[in-house]
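Taken together, the values in this text are just the output of simple stated rules run on the coordinates, not laboratory data. Keep in mind that this is a model prediction, so the values were computed, not measured. For neighbour counting, all protein chains shown are included, and Cβ atoms are generated from backbone atoms with ideal geometry for every residue, glycine included.
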Amino acid sequence: MRIAVAGGTGTVGRYVVETGRAAGHDMVVVSRASGIDLGARQSEIALSTALRGVDVIIDTTDPHTLARSRATSFFEEVGGRLQRVGAEQGVGRLVVLSIVGIDRVPRFGYYEAKQRHEAVSLAGALATTVVRATQFHEFPAQILRATRHGPLAFMLAMRIQPIAARTAGRYLLQIATNGTPDGSTLQISGPEPASLVTLARHYLRQRDRKSLVVPLPLPGAPGRALRHGAVLPTDEVPRLGPTFAEWLQGPDAIAVDP
Ligand SMILES: NC(=O)c1ccc[n+]([C@@H]2O[C@H](COP(=O)([O-])OP(=O)(O)OC[C@H]3O[C@@H](n4cnc5c(N)ncnc54)[C@H](OP(=O)(O)O)[C@@H]3O)[C@@H](O)[C@H]2O)c1
């Protein structure tokens with residue numbers, strides 16, 4: 001199959017591309033690094049060319065901001081553009097990556113933006129499947145990269161049940177190639193719940209970094225929801241390995257060194 005991965009250079013997108021190539025698919029990377037800015041109308045000609053002959057698009061883009069309005073505009077633009085240009089080019093389906101529990105955390109701007117991402121994607125002409133995943137094993141390292149300043153690092157106080165980005169990428173590819181019913185929302189999770197602060201400390205210890213991790217409790221209702229496990233998976237969500245401890249020993253943990 002010919003498969004386009006929007007965000008194919010990112011934390012999870014690169015594993016979708018790698019797994020797809022290993023399985024013999026023709027993988028097309030769509031990102032600014034490959035010359036296509038999905039937030040810009042001027043990129044539509046390049047996007048049309050990239051999507052020619054594509055059977056399915058997998059959307060793993062991210063705007064690199066938690067700000068409600070910027071994240072919302074980004075996901076509306078990207079979701080709408082992939083749908084419209086994809087339909088013009090005769091693409092068969094769209095698979096969109098989202099996050100478990102985004103509708104259980106009130107007034108959290110980024111999660112509201114992700115809900116718009118899902119809604120815009122599901123409203124388009126292409127048959128769409130949403131895959132909600134829990135946070136990645138890479139998530140503590142992603143936050144450390146943004147918040148670590150010498151001896152101090154700040155980490156949101158929240159409970160997560162992380163999954164390896166490689167596992168999530170493999171699952172996305174499987175859904176994209178197997179043909180799931182239109183309009184469905186699927187969920188996947190990692191094996192074990194933990195505190196994000198604890199995972200960040202384990203990560204730094206394993207990498208032999210000396211920063212002190214300071215918990216950052218978000219105020220109000222969103223903070224309470226995150227601390228009390230609103231983004232943990234419910235019982236019926238499949239748990240997929242490896243565990244965080246197993247992942248920490250492998251090469252993928254080194255690849256995200258902040
Ligand atoms: N991180 C997690 O723990 C987690 C867990 C569950 C779900 N998710 C969801 O998974 C998605 C991907 O997350 P991630 O952590 O893999 O993100 P990431 O590592 O930040 O990667 C984001 C990707 O989006 C691309 N991108 C950003 N702006 C773009 C633009 N204007 N045009 C085209 N491409 C653009 C980036 O490539 P360029 O910079 O080259 O443009 C990159 O390939 C997000 O939607 C997120 O909500 C994340």
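Rounded to the nearest 500, the helix-only mean residue ellipticity at 222 nm of the chain stands at -12500 deg cm²/dmol, with each DSSP H run of n ≥ 4 adding -39,500 (n - 2.57).
Placing a pseudo-label 7 Å from each Cα along the Cα-to-Cβ vector at I45 and Q115 gives an inter-label distance of 4.0 nm.
Please give the FRET efficiency for H228 paired with D182, using the beta carbon to beta carbon distance and R0 = 45 Å, rounded to the nearest 0.05. All intermediate terms of the calculation are to be shown ahead of the outcome.
Working: r = 34 Å, r/R0 = 0.76.
Between H228 and D182 the formula returns 0.85.
Net length available on complete extension from T65 to L218 is 53.4 nm, with 0.36 nm assigned per residue and the Cα-Cα distance removed. Each residue of the range 127-137 was assigned a 3J(HN,Hα) from its phi angle through the Karplus expression (A = 6.51, B = -1.76, C = 1.60, θ = phi - 60°), giving 4, 10, 10, 9, 10, 9, 10, 6, 4, 8, 4 Hz with x at Gly and Pro. Taking all Cα pairs closer than 8 Å and separated by 6 or more residues, the relative contact order of the chain comes to 20 percent. Dipole magnitude for the chain: computed about the Cα centre from +1 point charges on Lys and Arg Cβ and -1 point charges on Asp and Glu Cβ, it is near 760 debye.
With no solvent and one equal point scatterer per Cα, compute the Debye intensity ratio I(q)/I(0) for the range 2-255 at 0.17 Å⁻¹ and report its log10, rounded to two decimals. For the range 2-255, the Cα-only Debye profile gives -1.35.
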